[in-house]
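Notes follow once the structure below has been shown.
The values are calculated or read from the model by the stated rules, or taken from the named source; none is laboratory data. Just so it is clear, the model here is predicted, and its values are computed rather than measured. Here the Cβ positions follow ideal geometry from the backbone for every residue, glycine too, while neighbour counts run over all protein chains shown. Please note that ligands, DNA and RNA were not included when accessible areas were found on the heavy atoms of the full protein model with its side chains. Shrake-Rupley method; radii C 1.70, N 1.55, O 1.52, S 1.80 Å.
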Amino acid sequence: ELHLPASAIETLVYEQVSRLAELAPVHHVKPHGALYNQSARNPAMAEAIVNAIGRVDRGLVVYGLSGGALVEAGRSAGLAVAHEVFADRSYEPDGSLTPRDQAGAVHRSVETALAQVLQLVTRGEVVSRAGVAVRLRADTVCIHSDTPHALEFARELHQALRREGVRLARVLP
């Protein structure tokens, strides 16, 4: 984690998103890694990121951890938001992701990840590592491409969601 003032975060995000938008069409912005996790729990950081995104293009969709500070900051700023849930990560009772350095943080089996996504999408909840049910909104699902069998899992998940009657569509502003 980098501990920077909100103004520095806003500047860095603005510069990066602006440059990307000059190169290619951009639909949404999702911070990555530590910045993503920090923005989920730190309202000042989340606001800085949202301010930067809004300065680039108020039509961009802000992707953030479901229930986290980033989606709340985006909504408060009048931007479109997508509550993101994770297929291959376990959750804590507060709705945060289990830190990767803890046992069970990453689901290694396609079956476990599939069951979690179906529960999130169809019932709006996930069972945390502590066994506590956590209510979350699922607008979009993240599948990490560096986990084993990611492509196979994405295909199976797509089929399972369709079988369950879940409407799959692009997240629109």
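Residue-wise test of (1) assigned to a helix (DSSP H, G or I); (2) among the hydrophobic types (A, V, I, L, M, F, W, C).
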{"site": "Ala8", "(1), (2)": "yes, yes"}
{"site": "Ala21", "(1), (2)": "yes, yes"}
{"site": "Pro31", "(1), (2)": "no, no"}
{"site": "Ala52", "(1), (2)": "yes, yes"}
{"site": "Arg55", "(1), (2)": "yes, no"}
{"site": "Gly67", "(1), (2)": "no, no"}
{"site": "Val71", "(1), (2)": "yes, yes"}
{"site": "Ala115", "(1), (2)": "yes, yes"}
Within region 40-78, restricting to residues that are touching a residue at least 60 places away in the same chain (Cβ under 8 Å) and of a type in the set (A, V, I, L, M), the one that is surrounded by the fewest Cβ atoms within 10 Å (Cβ to Cβ) is Leu60
Restricting to region 80-131, what's the tally of residues that are of a type in the set (Val, Ile, Thr), modelled with pLDDT under 95 and open to solvent by 40 Å² or more (accessible area, probe 1.4 Å)? 3
If I go through region 117-151 residue by residue, how many of them are part of a loop (DSSP other than H, G, I, E, B) and of a type outside the set (A, V, I, L, M)? 12
